[in-house]
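Accompanying notes for the structure given below.
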Amino acid sequence: MSTNQHTLLFESSSLPFVVQNTINWRGIEFHLRIDANATHTGGEFMVIVNFNDKRYFHRTVSSRGWLFSKGHFPEIETKNHTLKFSLGKVPFKSFKLSDEMKSNTEIEDTLESPFKISGVPLSVHFNNPKEKIEVIPEKKINNNEVVLYEYKSMELNINSYAYFENENLIIDYWKLGGNYEDEIFITIENQDIVRLYKEFNVDADTSIKRELLLQSILKAFNGESCFRKIEKFLIEKNIPHSKSARR
């Protein structure tokens with residue numbers, strides 16, 4: 001952690017990266033937790049802020065080269081200054097608090113530093129909500145991948161994707177909890193994917209056939225039991241596939 005007159009920077013050279021501090025900024029107190037981890041498809045950066053008896057979450061995820069965020073930071077300001085929350089220059093390894101003077105302010109700032117840092121009281125809790133992260137059927141990461149299910153809590157991480165890799169269709173289900181991690185895959189090889197195009201009424205000659213197929217799979221199977229439903233479907237339709245695991 002480093003600080004100058006207008007910036008408080010939290011950074012680490014490696015992951016996981018966890019920080020918990022109580023921050024007093026210009027007489028306003030809030031509690032901050034940063035929790036950054038590497039995942040099997042990229043990384044995750046969670047920031048939790050307890051302020052004015054409310055809990056704010058901001059989560060940034062990198063997955064297979066794509067970056068997306070969810071949540072928001074609190075709006076904290078004084079008459080003459082605004083506090084800005086932002087990711088640092090090093091992705092997933094740094095986070096910055098910036099003290100910014102409002103444009104209509106003419107007074108001279110005499111504070112050596114607007115930030116005071118202390119430990120978090122035992123009465124403060126940073127419970128990451130154990131809610132299921134909604135998957136909207138039309139939402140996609142890119143044309144060759146969709147998110148079928150995601151779940152995130154302090155104790156458990158689960159995600160499932162459908163994506164194309166080396167012309168094959170992969171259904172991936174990954175779980176990380178405590179001291180264990182496992183991942184299972186279903187692979188439908190290129191020559192058998194035509195069966196899926198037919199089942200979902202996708203024109204196999206269109207240039208966007210992959211995107212249409214993934215969207216059809218997402219609409220039909222998204223949710224907590226997505227992997228099991230897809231496997232059952234493939235067996236019932238007698239569509240060739242293979243199943244493997246990594247533990």
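Which of S118, S153, S98 moves most in a GNM of the chain, Cα contacts under 10 Å? Per the Cα network of the chain with a 10 Å cutoff, S118 tops the list. Sites count as exposed loop sites when they are GluC sites (Glu not before Pro), lie in a DSSP loop, and have at most 16 other Cβ atoms within 10 angstrom; the longest stretch of the chain without one is 1-74. For the residue pairs K152/K232; K70/K243; K70/K152; K70/K229, the C-alpha atoms sit more than 24 angstrom apart in K152/K232; K70/K243; K70/K229. For the chain, the longest principal axis of the Cα atoms and the long axis of helix 226-236 meet at an angle of about 0 degrees. Placing a pseudo-label 7 Å from each Cα along the Cα-to-Cβ vector at K84 and K70 gives an inter-label distance of 2.7 nm.
Computed from the coordinates by the stated procedures, all read-outs in this text should not be read as laboratory data. From a predicted model like this one, the values you see are computed outputs, not experimental measurements. Here Cβ is always computed from backbone atoms with ideal geometry, including for glycine, and neighbour counts include all displayed protein chains.
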